[in-house]
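> Pasting a structure here, questions to come.
What follows draws every value from the coordinates through simple rules; no lab data is involved. As the structure is a computational prediction, the values presented were derived from the model and not from experiment. Positions of Cβ are generated from backbone atoms using ideal geometry, with glycine treated the same way; all protein chains shown enter the neighbour counts.
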Amino acid sequence: LREVVFHIFTMSAEATVVNPVSGASVWIQTIDAIGYYENDIPLGVLEYDFTDKQPSRQGQSNGLLLPYNQAITTPRLPITANETSIGWDVVRRAIGGTLDVSVFTNIQMQSSD
């Protein structure tokens, strides 16, 4: 995971992902992530299953293809925000600027072979 861009008005995020496997393409199946401000204020959760969202001709998808030696940016993925006042206050103060967030991510992948 190289970068995540959070879109506050649509409560979505785009993730730039780099293929970690040398010499092979992989399928991204799921992304699960949680973002924290200052390592203890949860801002939002992303849980997305690409195998449910992009059916193939056979009716089931392998996920989102991540080609060898390339980075891709996902489509906008829905975020479930932490709706506490402190979480929203942090996000509100960052509007029009930037916000450094720690993101803990689990990405499930499958070999394309």
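> Suppose every Lys and Arg Cβ carries +1 and every Asp and Glu Cβ carries -1, with no other charges. What dipole size does the chain come out with about its Cα centre, to the nearest 20 debye?
On the way: 6 positive and 12 negative charges, 74 e Å.
The dipole magnitude comes to about 360 debye.
> Moving on. Find which of 12, 81, 25 sits farthest along the positive direction of the dipole of the chain, computed with +1 on the beta-carbon of Lys and Arg, -1 on that of Asp and Glu, about the Cα centre.
Working it through, the farthest residue towards the positive pole turns out to be 25.
> Also, I was wondering about something else. Among 37, 90, 50, whose Cα sits farthest toward the positive end of the charge dipole of the range 1-111 (+1 at Cβ of Lys/Arg, -1 at Cβ of Asp/Glu, about the Cα centre)?
Going by the charge dipole, the pick is 50.
> Nearest 10 degrees is fine. How inclined is helix 85-94 to the longest principal axis of the chain, computing both from alpha carbons?
80 degrees
> Determine the calculated [θ] at 222 nm for the chain from helices alone, applying -39500 (n - 2.57) to every DSSP H run no shorter than 4 residues and normalising by the residue count; nearest 500 deg cm²/dmol.
Dividing the helical sum by the residues of the chain leaves -3000 deg cm²/dmol.
> Which entry in (i) 43, 41, 17; (ii) 69, 36, 21; (iii) 46, 29, 23 matches Cα extents along the principal axes in Å derived from the coordinates of this structure?
(iii)
> Below 8 Å between Cα atoms, with a sequence gap of 6+, how large is the relative contact order for the range 10-113 in percent?
It rounds to 43 percent for the range 10-113.
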